[in-house]
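Engineer: One structure, pasted below without further comment.
Derivation of every value follows stated rules applied to the coordinates shown; laboratory data play no part. Model, not experiment: these values are computed from the prediction. For neighbour counting, all protein chains shown are included, and Cβ atoms are generated from backbone atoms with ideal geometry for every residue, glycine included.
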Amino acid sequence: MSFVDSYRKFMERNSDPRTENWWLMSGPGPLLTILASYIYFCTSVGPRYMRDRKPYDLKNTMILYNVSQILMSIYLVYEGMVSGWWNDYNFSCQPVDYSNNPKAHRMAAAVWWYFAAKIIELLDTIFFVLRKKNRQITFLHLYHHFMMPICAWIGVKFLPGGHGTLLGVINSFIHIIMYTYYLISGLGPQYQKYLWWKKHLTTMQL
């Protein structure tokens, strides 16, 4: 049996048919292309393009981006809770519901939106490149932003529901706080006095 045949059988046997026709879910190829382009831009093309240029002033863009990320994270927390964790999900052990029950389908959709949010968050690094904040583009930063969409894609493809969604809810809640911090800090030095809670954010992220 060839590798291709084994791959097809694995996908047919294990993937969730409800999500197979959703955007970027036909196979891993489209996502890996996006991530390869992301790494190439952030480590090669972007820095070379910016080498002899001044950093872009993206203050207004960053405000809009941070607000949109806050709203997206609020939506993800709400959907995760309403679709299961506020209702009949079991905090001890919750299997994935693969049925077409409306609540199960809503949770699967929430997992896909979480995946979409991880794609959008690649802009974090792209904005660093365009603002010439190269010291913030560490290996750990790139690894995190590379792996999160892959993990989320696996979730949508094989496990769009169940206990794993609790991690997504917690992560999205932390992102509400994190992007609120980014929003306030980006408004100017006069707002720094409102960021006394930064050390608590760092603890939550860890």
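Engineer: Compute the orientation-averaged projected area for region 100-150 from the convex hull of its Cα atoms and round it to one decimal in nm².
Structural biologist: Values: hull surface 15.5 nm².
For region 100-150, averaging the hull's shadow over all directions gives 3.9 nm².
Engineer: At a 10 Å Cβ-Cβ cut-off, how would you order W86, W113, fewest neighbours first?
Structural biologist: Values: W86 10, W113 18.
Ranked by crowding around the Cβ, least crowded first: W86, W113.
Engineer: Also, quick follow-up: May I ask for the angle, rounded to the nearest 10°, between helix 139-158 and the longest principal axis of the chain, with both axes built from Cα atoms and the value confined to 0 to 90°?
Structural biologist: That helix lies at roughly 20 degrees to the long axis.
Engineer: Ok, one more. Fewest Cβ neighbours within 10 Å first, please rank T165, T180 accordingly. Can you show the working numbers first?
Structural biologist: Details: T165 27, T180 18.
Lowest to highest Cβ neighbour count: T180, T165.
Engineer: Moving on. Against the longest principal axis of the chain, how steep is helix 59-80, in degrees 0 to 90 to the nearest 10, with axes from Cα atoms?
Structural biologist: Approximately 30 degrees, to the nearest ten.
Engineer: Among the listed pairs K54/K157; K132/K157; K9/K118; K132/K193; K133/K157; K103/K133, which have their C-alpha atoms separated by more than 31 angstrom in this model?
Structural biologist: Details: K54/K157 42 Å; K132/K157 36 Å; K9/K118 28 Å; K132/K193 26 Å; K133/K157 35 Å; K103/K133 43 Å.
Over 31 Å Cα-Cα: K54/K157; K132/K157; K133/K157; K103/K133.
Engineer: Counting only C-alpha contacts under 8 Å and six or more residues apart, can you give the relative contact order of the chain as a whole percent? List each step's numbers first, then the result.
Structural biologist: Values: 175 pairs, mean separation 67.4, N = 206.
Taking the mean separation of contacting Cα pairs over the length of the chain, I get 33 percent.
Engineer: Given 37 °C and 0.692 mPa s, compute D for the chain with the Stokes-Einstein relation, Rh being the Kirkwood radius over Cα pairs; round to the nearest whole µm²/s.
Structural biologist: Values: Rh = 18.9 Å.
Here the translational diffusion coefficient equals 174 µm²/s.
Engineer: Return K193, K103 ranked ascending by Cβ neighbour count within 10 Å, so the fewest neighbours appear first.
Structural biologist: Going from least to most buried by this count: K193, K103.
Engineer: Okay, helix-only estimate at 222 nm for the chain: each DSSP H run of n ≥ 4 adds -39500 (n - 2.57), divide by all residues, round to 500 deg cm²/dmol; what do you get?
Structural biologist: On the way: 9 runs with 127 residues, N = 206.
Taking each H run of at least 4 residues, the total per residue is -20000 deg cm²/dmol.
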